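Undergrad: Sharing a structure here in structure tokens format.
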Amino acid sequence: MKMIRKVFQAMKSLLNKKIRDSKGYTIIELMLVVLLMLMIVTLVSGTYILSINTSRDIIEITTSEIDARVAIYRISKDLREAANISIAEDDEITFDSNVDTDEGLELVHYYINGSDLYRQIDGGDPAVVANYVIDGNLFTYYTEENTPEGGLSTPVGEADRGNIRLIGINVSIDQSGAESDRTMDLNTIIYLRNQI
């Protein structure tokens, strides 16, 4: 900013000197003034465009983070009370859980379709939990002991589903729909309280 002020002051003093001399301006002096003005406009517009792009990136990162946190919160809340896991895959899980105000258990189904993560209760209409999910490896399943590194192989068979005690959740979201430097990765591990 100081540089711009100095340029303007130099131009002003040059113009004032020429006016006092009243000889007029040469074409070279006018071209220099135009060139200086063009440089200033280029500098200011470049800074403005850079700030717009930075602002857009910050908004996308923040939106992805909020969406990922909401998805992790929703899934974690339902999984803590999960019982009777009937489907256990990388991108899909179905289990019984009490997710409403009554005492009965509901069938809860989380799955990815395209780049959207859905939650479905008792076969009703699916609700979108998160958009722009870029990694289909949402769930990793563990027994408390002797679980291989990286969890049980998926889909988890019926015999092993009853031994699942921990479920890792990994949500990767990017508003552009593909992995980039703006991708938000959040993960957690949930301990199943009611798994029999």
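Every number in this text was worked out from the coordinates using simple rules, so none of it is lab data. Everything quoted here is computed from the prediction, not taken from an experiment. With ideal geometry, Cβ positions are generated from the backbone for all residues, glycine too; neighbour counts draw on all protein chains shown.
Undergrad: In debye, nearest 20, what is the charge dipole magnitude of the chain about its Cα centre with +1 on Lys and Arg Cβ and -1 on Asp and Glu Cβ, if you could check?
TA: Working: 18 positive and 30 negative charges, 605 e Å.
Value, rounded to 20: 2900 debye.
Undergrad: Test of understanding: in a Gaussian network model of the chain with alpha carbons linked when under 10 Å, which of A83, A159, A130 would top the mean-square fluctuation ranking?
TA: A159
Undergrad: Relative to the first principal axis of the alpha-carbon coordinates of the chain, what is the inclination of helix 27-80, with its axis defined by its Cα atoms, in degrees from 0 to 90 and to the nearest 10?
TA: 10 degrees
Undergrad: A further question follows. Suppose a student asked you for the relative contact order of the chain, using Cα pairs under 8 Å spaced at least 6 residues apart; what percent would you report?
TA: In percent, rounded to a whole number, it is 21.
Undergrad: What angle, in degrees between 0 and 90 and rounded to the nearest 10, separates the Cα long axis of helix 2-21 from the longest principal axis of the Cα atoms of the chain?
TA: Roughly 20 degrees, rounded to the nearest 10.
Undergrad: Out of S153, I87, T188, whose Cα points farthest toward the positive end of the dipole of the chain (charges: +1 Lys, Arg; -1 Asp, Glu; placed on Cβ)?
TA: T188
Undergrad: Follow-up. Just one of (i) 1, 7, 12, 14, 11, 9, 6, 4, 4, 4, 4, 4, 4, 4, 4, 3, 3, 2, 1, 0; (ii) 1, 8, 17, 23, 23, 17, 8, 2, 0; (iii) 1, 7, 15, 20, 20, 15, 11, 7, 3, 1, 0, 0 is P(r) over Cα pairs in 5 Å bins from 0, in percent calculated from these coordinates, so which is it?
TA: The value computed from this structure is option (i).
Undergrad: Order 97-110, 37-50 from most to least packed using the mean count of other Cβ atoms within 10 Å. Don't skip to the end; give the middle numbers.
TA: On the way: 97-110: 14.9, 37-50: 10.9.
Going by the mean number of other Cβ atoms within 10 Å, highest first, we get 97-110, 37-50.
Undergrad: Oh, and also: Is it possible to state the helix-based mean residue ellipticity at 222 nm for the chain, with each DSSP H run of 4+ residues giving -39500 (n - 2.57), the sum divided by total residues, to the nearest 500 deg cm²/dmol? What is it?
TA: -14000 deg cm²/dmol
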